[in-house]
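Beneath this line is the structure, given in structure tokens, with notes to follow.
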Amino acid sequence: MDFGTAFKGKRVVVTGASGIMGKALADQFEACGAEVCRTDMTTDDLPGFAVAADLTSDAGLDHLLAAVAEKWGAPDVVINNAGLYPSSFMLDMQVADWDRIMSVNLRAPFVLTRGFALQMIEAGNKGNVINISSGAARKMRRTMVTYCMSKTALDRLTKGFALELAEFGIRVNALEPGFAAGSAVSALPKEHVDRVMAAIPLGVETTPQDVGNAALYLASDAARNVTGATLSVDGGNSAGSLDVYQEKKSPL
């Protein structure tokens with residue numbers, strides 16, 4: 001679907017905008033005419049309207065909400081993209097690490113969705129909130145238990161806000177990106193990449209552009225009747241297993 005300039009005049013907030021996914025989301029909305037507020041811990045590499053905010057602190061969250069209110073009054077689209085996904089066995093994890101993961105992955109989306117929704121309601125904006133979730137919400141993984149729990153809770157938060165904000169015309173949905181084969185920042189061993197890719201039904205990794213296209217759809221009028229939904233963009237990876245437990249391995 002070509003969104004052209006469908007978001008001209010719309011105002012979009014993207015958290016975690018310094019990362020690969022956040023940058024792509026911000027760029028794609030901007031390319032479709034939107035004004036974008038990019039926010040992260042620092043704004044050193046962020047163009048345009050950028051706000052430095054520590055999402056683990058009330059002061060940081062309040063600063064972001066106030067900065068958007070001062071410049072725009074209210075946003076039209078909020079994308080809760082910022083997330084932490086460190087790997088650790090539960091027996092090795094420090095309580096402070098648990099608190100930080102939950103703070104960024106779950107508490108911040110709650111505080112920001114509540115705050116921006118209040119701005120939207122006051123301004124009469126029938127806006128959108130998109131939470132970036134993960135297939136980890138439905139499948140527990142060793143060394144990633146806290147991350148999985150935070151995303152499971154984020155999915156429930158999505159549905160809860162969708163129910164409560166529907167009367168104001170504000171839609172709330174979640175996106176689940178699929179597997180990406182690492183980056184210069186988070187390199188993955190080839191053996192691991194090959195094993196995961198072999199299990200994906202469509203056999204392709206998920207690009208930031210794939211997720212951006214899905215976000216554009218959810219925020220557009222084409223999805224005017226979609227709320228409380230979770231859209232998986234993962235090549236069918238979350239649908240089930242490709243394993244075949246019989247001698248004949250293909251239908252043809």
Q | Subset tally (residues that are free of Cβ contacts under 8 Å to residues at least 60 places away in the same chain and of a type in the set (D, E, K, R)) for segment 10-45 | A | 6
Q: Identify all residues within segment 113-152 that are surrounded by fewer than 18 Cβ atoms within 10 Å (Cβ to Cβ), among the charged types (D, E, K, R) and either assigned to a helix (DSSP H, G or I) or in contact with a strand residue (DSSP E or B) (Cβ under 6 Å, 6 or more places away or on another chain) (or both); write none if there are none.
A: 114, 122
Q: Name the single residue, out of those in segment 158-173 being under 18 Å from residue 76 (Cβ atoms) and of a type in the set (Gly, Ala, Ser), that is surrounded by the fewest Cβ atoms within 10 Å (Cβ to Cβ).
A: 166
Q: Look through segment 50-81, keep the residues that are out of contact with any helix residue (DSSP H, G or I) (no Cβ under 6 Å at 6 or more places or on another chain) and buried (at least 21 other Cβ atoms within 10 Å of the Cβ), and return whichever of them is nearest to residue 149 (Cα to Cα).
A: 64
Q) Can you tell me how many residues in segment 214-233 are surrounded by fewer than 17 Cβ atoms within 10 Å (Cβ to Cβ), of a type in the set (A, V, I, L, M) and assigned to a helix (DSSP H, G or I)? A) 1
Q. Among the residues of segment 180-199, is there at least one that is outside any helix (DSSP H, G or I), over 17 Å from residue 10 (Cβ atoms) and either touching a Gly at 6+ places or on another chain (Cβ under 8 Å) or of a type in the set (Lys, Arg) (or both)?
A. yes
Q) In this structure, is residue 155 on the phi < 0 side of the Ramachandran plot and loosely packed, with under 14 Cβ neighbours inside 10 Å? A) no
Q. Which condition breaks for residue 185 when tested against (1) modelled with pLDDT of 95 or more; (2) closer than 30 Å to residue 62 by Cβ; (3) surrounded by fewer than 16 Cβ atoms within 10 Å (Cβ to Cβ)?
A. (1)
Q: Output yes when any residue across segment 140-147 is under 19 Å from the mean Cα position of the chain (by Cα), closer than 20 Å to residue 13 by Cα and of a type in the set (A, V, I, L, M, F, W, C), and no when none is.
A: no
Q.
Looking at segment 139-149, can you tell me whether even one residue there is at pLDDT below 95, on the phi > 0 side of the Ramachandran plot and not small (Gly, Ala, Ser)?
A. yes
Q | Filter result (among the charged types (D, E, K, R) and under 22 Å from the mean Cα position of the chain (by Cα)) within segment 192-212 | A | 205, 210
Q: Would you tally the residues in segment 202-252 being basic (Lys, Arg) and modelled with pLDDT of 95 or more?
A: 1
Q: Among the residues of segment 152-175, write down those that are touching a Lys or Arg at 6+ places or on another chain (Cβ under 9 Å), under 22 Å from residue 141 (Cβ atoms) and free of Cβ contacts under 8 Å to residues at least 60 places away in the same chain.
A: 152, 174
Q) Taking segment 83-98 on its own, how many of its residues are of a type outside the set (D, E, K, R) and not in a loop (DSSP other than H, G, I, E, B)? A) 3
Q: Select, from 10, 71, the only residue that is touching a strand residue (DSSP E or B) at 6+ places or on another chain (Cβ under 8 Å), closer than 26 Å to residue 155 by Cβ and among the basic types (Lys, Arg).
A: 10
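The values are calculated or read from the model by the stated rules, or taken from the named source; none is laboratory data. Note that this is a predicted model, so its numbers are computed, not measured. Neighbour counts are summed over all protein chains in view; Cβ atoms, including those assigned to glycine, are modelled from backbone coordinates with ideal geometry.
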